[in-house]
Amino acid sequence: MHEIVINLHMHTRYSDGSGTHKDIAQAAIQNNLDAVIVTDHNVLVQGVEGYYRFARSRVLLLVGQEVHDQDRDPQKNHLLVFNANRDLALLADDPQTLINGVRDAGGICFIAHPKDPEAPAFKETDISWEAWDVQNYTGIELWNGLSELKTVVPTKLHGAFYAFLPQFIGHGPIPETLQRWDDLLTSGRPIVAIGGSDAHALDMHMGPIHRVIFPYEFHFRTVNTHVFIPEPLTGDVPTDKKMIYEALSAGRCFVAYDLPMSTRGFTFKAKGLEQEVIMGEEISVKGGVTLQAHLPTQAEIRLIKDGKQIGVWKKSYAFTYSATEPGVYRVEVHRNYLGKKRGWIYSNPIYVR
Ligand SMILES: [Zn+2]
Ligand SMILES: [Zn+2]
């Protein structure tokens, strides 16, 4: 398996972002991303997918969309739609109809910012997901860069602080979202977690100050999704697009906060009697299973089974654990950065059956 780094969930001038697709590609190349997925609100922008090249580097830009019912008040239930290859905004008024439409079109979908609290100082309302009775979605956006920002700005002054020092924002997924994911997993549903930046490159005006806050290049160094594909990207758009969406659909990926240090090189595997699998995959418990994780540098590794922490390895590069019971096993890695312990890696689970 080959690891690539993707930033997904972002907006251009086609909805409420300030940049162009070309700006995004350029910022992605500057930050060594392999691919980006642009998701404007309720529009599927045509004709911009493909490889973008600057100097000797290239990045694959893919286009999905973020769909929600604009007539609903408040405008909750945002869904990230990938690989449907047609505009599904017309189905927005019922979340289940929309999800079914994505499936019928051969696409995959993720519940965007499941918990997205209000930020009254900025007149931002709560736009969390409400329709939790839906079925057949691929997964959830476990860590969303913008939802997290809304949790740390009780006043305009806090907003100004973080606008200039955004490196202090990132701590981890919103605890309610993490709990929701564990509950869904424990109830037996294979829910894939992805991390989204929700980059807008917002134009901010405060008196005489005018500044683009949280530019794309900043977001591209923070919450990324690392994806495992069977062979390196080929340069052929349909081939590479298929590999990426198959991996996201299967959960062969992890959510990473790459700002303290790149998480490239992290692995989480399981070895059984006859099989070896990676995150997102299933393995038989028969004869026992050895779980293994490796990190690019030492940090605090936590092993979680069915929503409960069953092991912690401090200042470690790796761990091995013998699993004798079926369950949903996932790994979290935490590390100190700017004086605080922060989430660094959230793996998708290995399903021991
Ligand atoms: Zn949204
Ligand atoms: Zn968004």
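The values are calculated or read from the model by the stated rules, or taken from the named source; none is laboratory data. As the structure is a computational prediction, the values presented were derived from the model and not from experiment. Cβ coordinates were reconstructed from backbone atoms using ideal geometry, including for glycine residues, and neighbour counts include every protein chain displayed.
Among strands (runs of 3 or more DSSP E) lying entirely in segment 41-94, which contain 1 or more residues that are surrounded by fewer than 17 Cβ atoms within 10 Å (Cβ to Cβ)?
Details: elements: 50-54, 57-67, 79-82.
Here the list reads 50-54, 57-67.
Tell me whether segment 105-112 contains one or more residues that are away from ligand 1 (no atom under 12 Å from the Cβ), small (Gly, Ala, Ser), out of contact with any helix residue (DSSP H, G or I) (no Cβ under 9 Å at 6 or more places or on another chain) and not in a loop (DSSP other than H, G, I, E, B). No; the residues of segment 105-112 include none that is away from ligand 1 (no atom under 12 Å from the Cβ), small (Gly, Ala, Ser), out of contact with any helix residue (DSSP H, G or I) (no Cβ under 9 Å at 6 or more places or on another chain) and not in a loop (DSSP other than H, G, I, E, B). Screening the candidates 351, 337 for the property of being among the aromatic types (Phe, Trp, Tyr), in contact (Cβ under 8 Å) with a residue 40 or more places away in the chain, surrounded by 13 or more Cβ atoms within 10 Å (Cβ to Cβ) and within 16 Å of residue 188 (Cβ to Cβ) yields one hit, 351. Each residue in segment 263-285 was checked for being in contact (Cβ under 8 Å) with a residue 40 or more places away in the chain and under 14 Å from residue 297 (Cβ atoms), and 4 of them qualify. Only residues that are crowded, with 18+ Cβ neighbours inside 10 Å, away from ligand 2 (no atom under 15 Å from the Cβ) and hydroxyl-bearing (Ser, Thr, Tyr) were counted across segment 113-167, and they come to 2. Within segment 180-207, the residues that satisfy the criterion of being of a type in the set (A, V, I, L, M, F, W, C), within 16 Å of ligand 2 (Cβ to nearest atom) and either at pLDDT 95 or above or surrounded by fewer than 22 Cβ atoms within 10 Å (Cβ to Cβ) (or both) are 194, 202.
I'd like the full set of residues that are more than 11 Å from ligand 1 (Cβ to nearest atom) and either in a helix (DSSP H, G or I) or touching a strand residue (DSSP E or B) at 6+ places or on another chain (Cβ under 8 Å) (or both), limited to segment 115-130. If the condition is that a residue be more than 11 Å from ligand 1 (Cβ to nearest atom) and either in a helix (DSSP H, G or I) or touching a strand residue (DSSP E or B) at 6+ places or on another chain (Cβ under 8 Å) (or both), then 118, 120, 121, 122 are the ones that fit.
Residues that are surrounded by fewer than 20 Cβ atoms within 10 Å (Cβ to Cβ) and either more than 16 Å from ligand 1 (Cβ to nearest atom) or not in a loop (DSSP other than H, G, I, E, B) (or both) within segment 1-17 comprise 1, 2, 3, 13, listed in sequence order.
Could you check how many residues of segment 175-210 are within 16 Å of ligand 1 (Cβ to nearest atom) and either over 17 Å from residue 150 (Cα atoms) or among the basic types (Lys, Arg) (or both)? Please lay out each step first, then the result.
The initial filter retains those residues of segment 175-210 that are within 16 Å of ligand 1 (Cβ to nearest atom), namely 177, 194-202.
Okay, now just the ones that are also either over 17 Å from residue 150 (Cα atoms) or among the basic types (Lys, Arg) (or both), so 194.
Final tally of qualifying residues: 1.
Restricting segment 208-227 to residues that are more than 20 Å from residue 171 (Cβ to Cβ) and not in a strand (DSSP E or B), which is farthest from ligand 2 (Cβ to nearest atom)? Per the criteria, the residue is 208.
Kindly establish whether residue 33 is more than 16 Å from ligand 2 (Cβ to nearest atom) and either touching a residue at least 24 places away in the same chain (Cβ under 8 Å) or hydrophobic (A, V, I, L, M, F, W, C) (or both). Quick ask: steps written out before the conclusion?
Values: more than 16 Å from ligand 2 (Cβ to nearest atom): yes; either touching a residue at least 24 places away in the same chain (Cβ under 8 Å) or hydrophobic (A, V, I, L, M, F, W, C) (or both): yes.
Taking the combined requirement at face value, the residue satisfies it.
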